[in-house]
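A quick write-up on the structure given underneath.
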Amino acid sequence: MEQGGGGRPLVEVRNLSVGFSASMGFFKKRTVSAIDDLSLAAWEGESLGVVGESGSGKTTLARVLVKLLRPHSGEVLFKGEDVLTQTRKEERVYRRKVQMVFQDPYESLNPRSTVWDAVEEPLLIHHVAGDRHSRGEMVERLVAMVGLDPGAVKHKYPHQLSGGERQRVSIARALAVSPDLLIADEPVSMLDVSMRIGILDLMLELKRKLGLTLIFITHDLGVARYFCDRIAVMYQGKLMEVARTEELLERPLHPYTKLLLDSVPVPGGAGPAPPEAVDADPRPAPAGCKFSPRCPYARDRCRGSAPDLTEVSRSRYAACYYPLTS
Amino acid sequence: MTENKRVTSGVLIIGIFVFMAVFAPWLTPYKPQVVSGSPYSPPSFQHWMGTDDLGYDVMSQVIYGARISLTVGFTVALAATSIGSLIGLLSGFYRGVVDEALMRFTDVILVLPSLPLAIILAAYLGPSVITIIEVLTLTSWPLVARVIRSQTLSLRERPFVDAARVAGASDARIMFKVIIPNLLSLIAANAVLAITGAVVGEAGLDFIGMGNPSVVSWGTMLYWSQNLGAVLRGAWWWILAPGLCIAFVGLGAVLISIGVENIFNPRLRGR
Amino acid sequence: MPLLELKNLSVAYRLQKGYLMAVDQVSMEVNEGEVLGIAGESGCGKSTVALSVLRILPKSARVTGAVAFGGEDVLTMGDERVRAYRWKHVALVPQGSMNAFDPVISVGAQIVEAIRLHESAGKEEAWRRARELFGLVGIPKERVTNYPHELSGGMKQRAAIAMALSLSPKLVILDEPTTALDVVVQKQILSLLARLQRELGVSFMFITHDLSVLAEVATRVAVMYAGKLVEVGPADVMFRSPSHPYTQALMRAIPNVHGDISQVKSILGTPPDLTSLPKGCRFSPRCPHSFGRCTVEEPRLLPSTTGSMAACHLVGG
Ligand SMILES: Nc1ncnc2c1ncn2[C@@H]1O[C@H](COP(=O)(O)OP(=O)(O)OP(=O)(O)O)[C@@H](O)[C@H]1O
Ligand SMILES: Nc1ncnc2c1ncn2[C@@H]1O[C@H](COP(=O)(O)OP(=O)(O)OP(=O)(O)O)[C@@H](O)[C@H]1O
Ligand SMILES: [Mg+2]
Ligand SMILES: [Mg+2]
């Protein structure tokens, strides 16, 4: 399952499925499938973008990877080893190697902890930098590394910081224990446009400097383009397309990828006609390709059975019977 | 600003009573249980708050009474809030079976009527201050547990709890280092209010004779004044003095509890 | 006559010591059937403008200037009148409203409650409308009974928009409505707004910090900086040839799917502290084109050569 990457996979999910039960009225419950038979790998040292619309299961995938959520079925492998059957001790090590930056900078820091406490917490938990003094130095270094002035912010509480500053604190916290994998769940979507590039540049720089592997979740293809080597496109819990960033943006194979691209607002002129497939949100999911109800190219075969992710052309993978350029 | 003033006045009120309790021997003109005047004498220069049926000085009794009443109040508040908070925290954090079990247990205690319970326990253990503390603690933690549980339930869903977990924090660390700091103002407010509950409760149990009637407390004062028909004899001071003390402790506690959020919430602290 | 007109609107929040001028002498208008986009960085006063239009500013705010809706002075309306004016004439989708739903009541029930609070609709009728509104904003109708946590972030935002539309107001003010949404839903919301504008003649005031969102939907765009209106003009002018250096910088701060990615630049520095503003032009400390006059004299809003109005010494005479 190379999917256009190269080298060794750092983290890999195989046939992952996650469902939630949602209430439909008072007593009725129904299972909403958030991730459906998904297989994907992030290669050592790359930044992999996971792109998809709201509700496509991106956050759910991230939560499975950091073990906040147990999948119903499937495997999660880290450096080839099973993550789901870890012992407590192995899990501690794993928690150190895999860190996450959350979407909402206003909610992901404890309101009762100062910047100092927040950055120090992972060091304490994992017994990094044993004594008080070296821990203090480390906190200062981390805070400075993410572009904040330690003297000015270390005793501040989250509410005294701007969204951008908070997100920098979250990044410092995540990097405190030198993880191998950093998962960023829409780290800039709630930030001001003027601050976004600053955070993205910071993450790019740190990634280069620390040799991190990054899984970068976003719904903004522009951001993904700025940031990612490879992009995986998700739709309703399924992988639609995986490819190198330039190739995917220049020549999308999957109609859904094309829809995403066409939806990007184009400054200076009205873009192509907006997708009016508003009412077509197909629930319960059809037997065939999940995107078929909204797909302008769908044929009978698409509605009958779901296509698997296959190599359409050299290192181009798409889950579509009739990819756009073949 | 005004809230800070409220807290200050609340602390001041409670502080005065604590001062009274601690320094009772130096503040009282007479021994509380020594005849120092004629029975039922109204307030005068010798007896600022009059005397009771035996000619004991009411003011001295009120000052000494603060010792028992406040001890019971603080002890019960501390014990009930600790137990209630811990059970509420565990229940809300673990949910599921733990929650189910703990909350069923809490409900059972909650519906136990405290009076009959007190009577039974007192019969078993003998009427004493300790019995009163036990009874009041037993009946007041469930309410705290309920409040803390529901707040914990909502706190545990907040993203910063997930963030702590991803950072590798254990359950204990999340509960005590992440959730508890966010509950502190609620816990403190509950504790402060529990003081009032306990002081009133102590008086109530004394009033029906569950305490040791020979001990001086605001409750036993009310018990005797009621039993010996202070109202009929027009000895209003004998009822009013302990009654007012209880009311003022309540007022002080409420004033503090209102402003407690300001002390623990860093967002409000700076203002 | 414009539908909504702000004239020299200033809003100051009272702080412990002194005042904070969140909005300073802002004049703008929304015409019938128009989409006015308001863009600017966090803290520049966009939400404060929205709150003043609905007269729901906190008590600590002092308002001067005028707000007129359909020629009627909003700031002096009586209480009764204001209640009728809100929701029915002007509705607000507040910033972060997707997180404002009560977690223990189903989203549909909350919409029904809002409808029945303002109109004498029956329960059945209100539920029918709620379902319709869900369809309108692109959420499967049967999910109307879902609780907030069961909807994804995007769905909740759409539900919040549905709620604002429930009483068919003339003007809808959307405060950062697509900030948490993905491109597809954003596009749907934008096209939905266009459709409502076209078919029902609803006007919109669309507040965002992301200028690119306004590209397709706004008919006019206003850019605010540190409480001041720095540039306003027809959307095509603003996007093709922005005059103010700040508008230009905002445009460059957006990583795009097309075009040269090396051009993307963040705006250096941070917006000024509103309690201690720099002298002269407020943008001058961050402006690459700043010169002597900029740090002394505050520029006035004047017509630029491209057809917008801009407050910059390089643009005005
Ligand atoms: N705790 C939950 N209970 C029930 N359903 C859930 C829960 N969490 C997520 N879901 C559902 O699972 C699906 C995927 O959600 P997820 O949060 O992973 O999407 P996402 O791609 O991150 O979306 P967004 O861009 O809006 O954040 C959605 O349909 C959502 O409603
Ligand atoms: N109630 C208040 N009291 C004091 N200052 C306030 C209050 N509300 C807002 N402010 C200040 O007024 C300024 C403008 O705030 P406003 O919320 O209008 O900005 P905004 O442009 O909507 O920002 P954002 O993009 O972050 O929502 C900010 O500096 C803010 O700190
Ligand atoms: Mg998400
Ligand atoms: Mg705002």
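The values are calculated or read from the model by the stated rules, or taken from the named source; none is laboratory data. Note that the structure is a prediction, hence the values are computed from the model and not measured. Here the Cβ positions follow ideal geometry from the backbone for every residue, glycine too, while neighbour counts run over all protein chains shown. Just the protein is used for accessible areas: all its heavy atoms, side chains included, with ligands, DNA and RNA removed. Shrake-Rupley method; radii C 1.70, N 1.55, O 1.52, S 1.80 Å.
Do we find a residue being facing another protein chain (nearest Cβ under 8 Å) and basic (Lys, Arg) anywhere in segment B:150-161? Before you say what the answer is, go through the steps one by one.
Step one: list which residues in segment B:150-161 are facing another protein chain (nearest Cβ under 8 Å), which gives B:154, B:157-160.
Okay, now just the ones that are also basic (Lys, Arg), so B:158.
Checked against the condition, which is being facing another protein chain (nearest Cβ under 8 Å) and basic (Lys, Arg), segment B:150-161 yields at least one hit.
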Open item on the list: I'd like to know if segment A:26-49 contains one or more residues that are within 16 Å of ligand 3 (Cβ to nearest atom), facing another protein chain (nearest Cβ under 10 Å), crowded, with 17+ Cβ neighbours inside 10 Å and under 30 Å from C:Ser106 (Cα atoms).
Closed with: yes
TODO: May I ask you to verify whether C:Lys46 is within 14 Å of chain A (Cβ to nearest Cβ) and touching a residue at least 12 places away in the same chain (Cβ under 8 Å)?
DONE: yes
- [ ] Determine if segment C:35-50 includes at least one residue that is surrounded by fewer than 22 Cβ atoms within 10 Å (Cβ to Cβ) and away from ligand 4 (no atom under 14 Å from the Cβ).
- [x] no
Task: Unique residue being under 24 Å from the mean Cα position of the chain (by Cα) and open to solvent by 70 Å² or more (accessible area, probe 1.4 Å) when the list is A:Val93, A:Val101, A:Val83 - done: A:Val93
- [ ] Would you mind finding the one in C:Ala50, C:Ala12, C:Ala91, C:Ala68 that is part of a strand (DSSP E or B), within 16 Å of ligand 2 (Cβ to nearest atom) and among the small types (Gly, Ala, Ser)?
- [x] C:Ala12
Task: Residues of segment C:261-284 classified as closer than 15 Å to C:Pro245 by Cα, out of contact with any Asp or Glu (no Cβ under 7 Å at 6 or more places or on another chain) and away from chain A (no Cβ under 14 Å), total - done: 2
TODO: Look through segment C:167-214, keep the residues that are buried (at least 21 other Cβ atoms within 10 Å of the Cβ) and among the hydroxyl-bearing types (Ser, Thr, Tyr), and return whichever of them is nearest to C:Met251 (Cα to Cα).
DONE: C:Ser212
Open item on the list: Can you find a residue that is open to solvent by 80 Å² or more (accessible area, probe 1.4 Å) and more than 26 Å from the chain's Cα centre (by Cα) anywhere in segment C:265-277?
Closed with: no
Open item on the list: From the list A:Glu186, A:Glu205, A:Glu165, exactly one residue is open to solvent by less than 40 Å² (accessible area, probe 1.4 Å), acidic (Asp, Glu), at pLDDT below 90 and within 27 Å of A:Leu65 (Cα to Cα). Which is it?
Closed with: A:Glu186
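Of the residues C:Ala84, C:Ala100, C:Ala160, which single one is within 16 Å of ligand 4 (Cβ to nearest atom) and surrounded by fewer than 16 Cβ atoms within 10 Å (Cβ to Cβ)? Spell out how you get there, then give the answer.
Working: C:Ala84 fails: within 16 Å of ligand 4 (Cβ to nearest atom); C:Ala160 fails: surrounded by fewer than 16 Cβ atoms within 10 Å (Cβ to Cβ).
Of C:Ala84, C:Ala100, C:Ala160, the one residue that is within 16 Å of ligand 4 (Cβ to nearest atom) and surrounded by fewer than 16 Cβ atoms within 10 Å (Cβ to Cβ) is C:Ala100.
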Open item on the list: For a quick check of your reading: which helices (runs of 4 or more DSSP H) sit entirely within segment B:1-119 and have at least 1 residues that are touching a residue at least 60 places away in the same chain (Cβ under 8 Å) and among the hydroxyl-bearing types (Ser, Thr, Tyr)?
Closed with: B:2-22, B:58-94
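Among what's in segment B:62-95 and is over 20 Å from the mean Cα position of the chain (by Cα) and open to solvent by less than 50 Å² (accessible area, probe 1.4 Å), pick the residue that is farthest from B:Ser225 (Cα to Cα). Lay out the reasoning, then the answer.
Quick first cut of segment B:62-95, residues over 20 Å from the mean Cα position of the chain (by Cα) only: B:89-95.
Then drop every residue that is not open to solvent by less than 50 Å² (accessible area, probe 1.4 Å), which leaves B:89, B:91-93.
Numbers: B:Leu89: 43, B:Ser91: 44, B:Gly92: 46, B:Phe93: 48 Å.
Checking each candidate, the answer is B:Phe93.
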Open item on the list: Here's a check for you: in segment C:5-25, which residue that is open to solvent by less than 50 Å² (accessible area, probe 1.4 Å) and over 23 Å from C:Pro169 (Cβ atoms) is farthest from ligand 3 (Cβ to nearest atom)?
Closed with: C:Gly18
- [ ] Would you mention how many residues in segment A:228-247 are open to solvent by less than 10 Å² (accessible area, probe 1.4 Å), farther than 23 Å from A:Arg196 by Cα and basic (Lys, Arg)?
- [x] 0
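Yes/no per residue for (1) within 30 Å of C:Ile254 (Cα to Cα); (2) free of Cβ contacts under 8 Å to residues at least 12 places away in the same chain; (3) within 16 Å of ligand 1 (Cβ to nearest atom):
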| residue | (1), (2), (3) |
| --- | --- |
| C:Leu15 | no, no, no |
| C:Gly18 | no, no, no |
| C:Asp24 | yes, no, no |
| C:Glu29 | yes, no, no |
| C:Ala39 | yes, no, no |
| C:Pro58 | no, no, no |
| C:Val74 | no, no, no |
| C:Glu80 | no, yes, no |
| C:Tyr85 | no, no, no |
Task: Residue satisfying condition, being more than 16 Å from ligand 4 (Cβ to nearest atom), over 28 Å from C:Lys123 (Cβ atoms) and crowded, with 20+ Cβ neighbours inside 10 Å, within set C:Met1, C:Met28, C:Met77 - done: C:Met28
Task: Lone unmet requirement of (1) within 13 Å of another protein chain (Cβ to nearest Cβ); (2) outside any loop (DSSP other than H, G, I, E, B); (3) closer than 26 Å to C:Ala100 by Cα for C:Ile173 - done: (1)
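Residues checked against (1) surrounded by fewer than 21 Cβ atoms within 10 Å (Cβ to Cβ); (2) away from ligand 3 (no atom under 16 Å from the Cβ); (3) in contact (Cβ under 8 Å) with a residue 12 or more places away in the chain:
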position: A:Leu182; (1), (2), (3): no, yes, yes
position: A:Arg196; (1), (2), (3): no, yes, yes
position: A:Gly211; (1), (2), (3): yes, yes, yes
position: A:Phe216; (1), (2), (3): no, no, yes
position: A:Tyr226; (1), (2), (3): no, yes, yes
position: A:Thr257; (1), (2), (3): no, yes, yes
Open item on the list: Out of everything in segment A:105-131 that is more than 10 Å from A:Tyr157 (Cα to Cα) and open to solvent by 30 Å² or more (accessible area, probe 1.4 Å), what residue ends up being farthest from the other protein chains (Cβ to nearest Cβ)?
Closed with: A:Asp131
- [ ] Among residues belonging to segment B:124-157 that are over 20 Å from B:Leu102 (Cα atoms) and in contact (Cβ under 8 Å) with a residue 24 or more places away in the chain, point out the one that is most open to solvent (accessible area, probe 1.4 Å).
- [x] B:Pro127
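Listed residues C:Ser10, C:Ser27, C:Ser106, C:Ser60; which is closer than 24 Å to A:Gly163 by Cβ and either within 14 Å of chain A (Cβ to nearest Cβ) or small (Gly, Ala, Ser) (or both)? Reasoning before the result, please.
Details: C:Ser10 fails: closer than 24 Å to A:Gly163 by Cβ; C:Ser27 fails: closer than 24 Å to A:Gly163 by Cβ; C:Ser106 fails: closer than 24 Å to A:Gly163 by Cβ.
When all the criteria are applied, what remains is C:Ser60.
Confirm whether B:Phe23 is surrounded by fewer than 14 Cβ atoms within 10 Å (Cβ to Cβ) and either of a type in the set (A, V, I, L, M, F, W, C) or farther than 24 Å from B:Gly229 by Cα (or both).
Judged against the criteria, B:Phe23 is a match.
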